[in-house]
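Reading through the structure tokens given below for one structure.
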Amino acid sequence: MNEDVYMLGIETSCDETAAAVVKNGREALSNVVASQMESHRRFGGVVPEIASRHHVEQITLVIEEAMQQAGVSFADLDAVAVTAGPGLVGALLVGVNAAKALAFAHGLPLIGVHHIAGHIYANQLVTEMKFPLLALVVSGGHTELVFMKEHGNFVVIGETRDDAAGEAYDKVARALGLPYPGGPHIDRLAHEGEPVMDLPRAWLEEGSYDFSFSGLKSAVLNALHNAKQRGEEIDPRQMAASFQASVIDVLVTKTAQAAKEYGVRQVLLAGGVAANRGLRAALQEKMKELPDVELVIPPLSLCTDNAAMIAVAGTVLYQQGKRADLALNANPSLPLV
Ligand code: KG4
Ligand code: ZN
């Protein structure tokens, strides 16, 4: 019998200060998230300096809370995993330094985790990952189709050429006068409207799994601007529904195509935009065309930034014998592969 593995995960790459304890890479004993959303709302986006300051204020409390809720002491832990990138450098540094201090003080191995690997591994808190698999990662900073033939092996088969899906959501929401972050607001309005407006879908070249959302975003902004000039009103519910339909159509179609071409056993949804109700429903519907492929969609709390996902990805690296040392640094543009 293998020994149980207890991993403390720490995540501070953007605007959530998070810590969690995960057992054997499958069970979250705690998952504490202190959100700074309120502080950034009045600026309409994340202000890096404010984010760093909040992380500094919160990190110790959040880690203590995660340890307490999990009912473990540092002596019970096997290692500490932390997001090393990508993200805001000043924000990442707070988590990386906290993890280094704990690893040093308690003589624990230190593991550096890629934020997107974390989002993908959130799915392992739902069910066991079965390879080969395809992950659709849709967040505020990323839109990627990632093929994995085994643990820790990531091949990006498609990515956005301009805006990330979440970024497009947030920008369109802002133009509609909705608060930050706009994704959930558009999602809500979209369900009250109909996709009656004809908005573009960027399919790109035949066979490409890349994405592009800037054309769609510009089309929405132009339509709003032109209507305003003419003194006309555009119903925000119709606009939200039309925008969301366009984003989802492209995401879901390309994901199903890639799942088929790569012959995967599972499709995983990951990242903040995976919380989108329209996307979740549309992907479920589309995947009925591939009945042999299992679709895994994490609960909302595991889609947005959290530290349990970092602890899970960290556990896989730990089991593969991968360790960072105390020279670990934050890398705002850390590559996935
Ligand atoms: O993964 P995440 O929490 O942070 C990053 O790593 O970027 O993703 C945040 C993004 C934001 O752009 C937010 O608007 C979007 O996820 N988001 C949503 C929804 N909930 C969050 N987008 C669409 N629909 C939602 N329900
Ligand atoms: Zn994220």
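The values are calculated or read from the model by the stated rules, or taken from the named source; none is laboratory data. Just so it is clear, the model here is predicted, and its values are computed rather than measured. For neighbour counting, all protein chains shown are included, and Cβ atoms are generated from backbone atoms with ideal geometry for every residue, glycine included. Just so you know, the surface numbers come from the protein's heavy atoms only, side chains and all, with ligands and any DNA or RNA stripped out. Shrake-Rupley method; radii C 1.70, N 1.55, O 1.52, S 1.80 Å.
Listed by first and then second residue, the pairs with beta-carbon distance under 6 Å, at least 6 apart or on different chains, first residue in region 265-279 and more than 13 Å from His185 (Cα to Cα), second of a type in the set (Asp, Glu), are Gln266/Glu294.
Contact annotation: residue pairs with Cβ atoms under 6 Å, 6 or more positions apart or on different chains, pairing a residue in region 112-125 that is of a type in the set (Phe, Trp, Tyr) with a partner that is modelled with pLDDT of 95 or more, are Tyr121/Met309; Tyr121/Val312; Tyr121/Ala313. In region 261-274, the count of residues that are assigned to a helix (DSSP H, G or I), within 14 Å of ligand 1 (Cβ to nearest atom) and within 23 Å of Asp198 (Cα to Cα) is one or more. Counting residues in region 168-175 that are assigned by TED's automatic domain parsing to the domain that holds Val137, open to solvent by 40 Å² or more (accessible area, probe 1.4 Å), within 24 Å of Leu269 (Cα to Cα) and in contact with a Phe, Trp or Tyr (Cβ under 7 Å, 6 or more places away or on another chain) gives one or more.
For region 77-91, a residue qualifies if it is within 16 Å of Gly314 (Cα to Cα) and not hydroxyl-bearing (Ser, Thr, Tyr), and the qualifying residues are Leu77, Asp78, Ala79, Val80, Ala81, Val82, Ala84, Gly85, Pro86.
Taking region 136-151 as the range and being touching a strand residue (DSSP E or B) at 6+ places or on another chain (Cβ under 7 Å), open to solvent by less than 10 Å² (accessible area, probe 1.4 Å) and within 13 Å of ligand 1 (Cβ to nearest atom) as the test, the residues that pass are Leu136, Val137, Thr143.
Among the numbered conditions (1) in the same structural domain as His55 (by TED's automatic domain parsing); (2) small (Gly, Ala, Ser); (3) at negative phi, the only one that Gly85 does not meet is (3).
The residue that is farthest from ligand 2 (Cβ to nearest atom), counting only those in region 20-43 that are under 22 Å from Pro181 (Cα atoms) and surrounded by 15 or more Cβ atoms within 10 Å (Cβ to Cβ), is Ser39.
Taking region 275-311, which residues are charged (D, E, K, R) and assigned to a helix (DSSP H, G or I)? Please lay out each step first, then the result.
First, pick out the residues of region 275-311 that are charged (D, E, K, R): 277, 280, 285-286, 288-289, 292, 294, 305.
Across region 275-311, the qualifying residues are Arg277, Arg280, Glu285, Lys286, Lys288, Glu289.
Here Glu128, Glu150 are screened, and the one residue that is touching a Phe, Trp or Tyr at 6+ places or on another chain (Cβ under 6 Å) and in a loop (DSSP other than H, G, I, E, B) is Glu150.
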